[in-house]
Amino acid sequence: MKRGIKRETPARRPVQPHRAGRKVHKTSNIDRMLARLPLSEAALRRATTYSIMGVIGAAFIGLATVFGVPQAAAFAMAEQIGRAGFRVESIEITGARRMNAMTVYAVVLEQQSRAMPLVDLGAVRQKLLKYGWIADAQVSRRLPNRLVINIIERAPAAIWQNQGQLTLIDANGVLLEPVSADAMPDLPLVIGQGANVQAPAYRALLDAAPALRPHVKAATWVGNRRWNLMFHTGETLVLPEESAERALVKFAEIDGAQPLLGKGWLRFDMRDPKRLVVRKPGAASERTMIERPSAAPVMMTTTTSYGREG
């Protein structure tokens, strides 16, 4: 009788913990990065959907234009995108301090459609640039339903008085808005037809003689060719058509050597480059101040009378 060989059953290895359950997936680098973002998975999904829909909408409109898809079909597709949530529901305005926000809203709402693909950003910008306060504007979409409008405003630099009307203007003479006489800001006053267009030249004129700037109350543009300056002390300075800056500098030098402002004079005339003619209220004659290179200005009486100013 053969004796069977008894084989020992090998001991089973203990089950490793990580093999006891379902298979463990390794975390990718992308998953780790997404996990660190301060957004929920639902928010990320919505953002992705909005981006894809926006790209599809823009691509559809572009292809429709290139390949001649009927405008009605393209419009209908864009409206469908709008009904899917891509529709202007809010408008964010930045940079507008003086410009009326309701005016900006009205410009945007003038669009034929409020579906995002159909909002003409360029047309909105061009309409906004027609308003005096707006020097520039940037219009952009923020999907899914917001338009962002950044306004760059002009700064008021002077007040223009013409035919009894007062208007704020910027440094280049662009009209900004009407202003009432009892609410005038502390800005230079320019008077006369076309004086607003001459605002840059007027600024350069005052820059030539900065010591006189605080004393100037207003300036009148006469005959569309020259300036009369009015001082706070009541005098008027008549400047020539040509070399007005040089004449103003000369007047400042004379006033520095022998004060003229606030001394009871009514008018100073610098139209003659060789002399300064002065006048007092009610005087029948005028006085001419002749500059001598080596001495202070000397006054002498003259019988010169003024005709019609021009």
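The values are calculated or read from the model by the stated rules, or taken from the named source; none is laboratory data. Fair warning: this is a prediction, and the values are worked out from it, not measured in the lab. Neighbour counts run over all protein chains shown; Cβ positions are idealised from the backbone, glycine included.
Values for this structure:
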{"item": "Strands (runs of 3 or more DSSP E) wholly inside region 76-195 that include at least 1 residues being closer than 30 Å to Pro214 by Cα", "result": "134-142, 146-153, 156-162, 165-170, 175-178, 189-191"}
{"item": "Residues of region 85-103 satisfying the condition of being within 14 Å of the chain's Cα centre (by Cα) and aliphatic (A, V, I, L, M)", "result": "Ile93, Ala96, Met99"}
{"item": "Selected residue [at pLDDT 95 or above and surrounded by 12 or more Cβ atoms within 10 Å (Cβ to Cβ)] from Glu286, Glu291, Glu235", "result": "Glu235"}
{"item": "Flag for Pro200 being touching a residue at least 24 places away in the same chain (Cβ under 8 Å) and part of a loop (DSSP other than H, G, I, E, B)", "result": "no"}
{"item": "Qualifying residue in region 243-256 (condition: of a type in the set (D, E, K, R) and in contact with a Phe, Trp or Tyr (Cβ under 7 Å, 6 or more places away or on another chain))", "result": "no"}
{"item": "Hey, Gly192 touching a residue at least 12 places away in the same chain (Cβ under 8 Å) and over 30 Å from the mean Cα position of the chain (by Cα) or not", "result": "no"}
